[in-house]
1. Give the peptides 39-46, 7-14 in descending order of average Cβ contacts within 10 Å, highest first.
2. Just to verify a number: what accessible area does residue 28 come out at with the full protein assembly present, 1.4 Å probe, Å² rounded to tens?
3. Work out how much length residue 37 to residue 59 would gain on full extension: take 0.36 nm times their residue separation and subtract the Cα-Cα distance, in nm to one decimal.
4. What distance in nm separates the two pseudo spin-label positions at residue 29 and residue 46, each 7 Å out from Cα along the beta-carbon direction?
5. For the stretch 1-58, give the percent of accessible area contributed by carbon and sulfur heavy atoms, probe 1.4 Å, rounded to a whole number.
6. How many Å² of accessible area per residue for the stretch 1-61, probe 1.4 Å?
7. Just check the stretch 19-62 against the gyration tensor rule for me: Cα atoms, a ≥ b ≥ c as the square roots of the eigenvalues, rounded for a/c under 1.5, and otherwise prolate or oblate depending on whether a/b exceeds b/c.
Amino acid sequence: MGFCNDIKMIRHKCLMSQTEFADALGVSFATVNRWESGKSKPNFKTMKLINNFCEAHGIDFDVSKQLMEEEQI
């Protein structure tokens with residue numbers, strides 16, 4: 001599963017729109033849209049925000065696994 005699918009899964013588990021998810025992370029709607037379409041990826045600071053969001057909402061998301069997978073590509 002790629003990062004774009006992971007972001008979409010996290011958002012869907014919280015029943016949030018892209019705009020709501022973006023607001024929760026402090027990024028723009030366009031940023032979330034680009035992540036989900038695979039056009040861009042978050043930086044390390046934003047990955048930490050996503051990790052914190054998941055922990056706060058009881059969602060299993062291993063940021064370190066994502067980073068390792070990205071390095072192997």
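1. Values: 39-46: 12.1, 7-14: 16.4.
Per-residue Cβ counts within 10 Å, averaged per peptide and sorted highest first, yield 7-14, 39-46.
2. Looks like 60 Å² after rounding.
3. Working: separation 22, 0.36 × 22 = 7.92 nm, distance 2.11 nm.
That pair, residue 37 and residue 59, stretches by 5.8 nm at full extension.
4. It is 1.6 nm.
5. Details: 1850 of 3480 Å².
With neighbouring chains kept in place, the figure for the stretch 1-58 is 53 percent.
6. On the way: 3650 Å² over 61 residues.
That works out to 60 Å² for each residue.
7. On the way: a/c = 1.81, a/b = 1.45, b/c = 1.25.
Judged from the Cα gyration tensor, the stretch 19-62 comes out prolate (a/c at least 1.5, a/b above b/c).
The values are calculated or read from the model by the stated rules, or taken from the named source; none is laboratory data. Note that this is a predicted model, so its numbers are computed, not measured. So basically every Cβ, Gly included, is an ideal-geometry build from the backbone, and we count neighbours across all protein chains shown. Just so you know, the surface numbers come from the protein's heavy atoms only, side chains and all, with ligands and any DNA or RNA stripped out. Shrake-Rupley method; radii C 1.70, N 1.55, O 1.52, S 1.80 Å.
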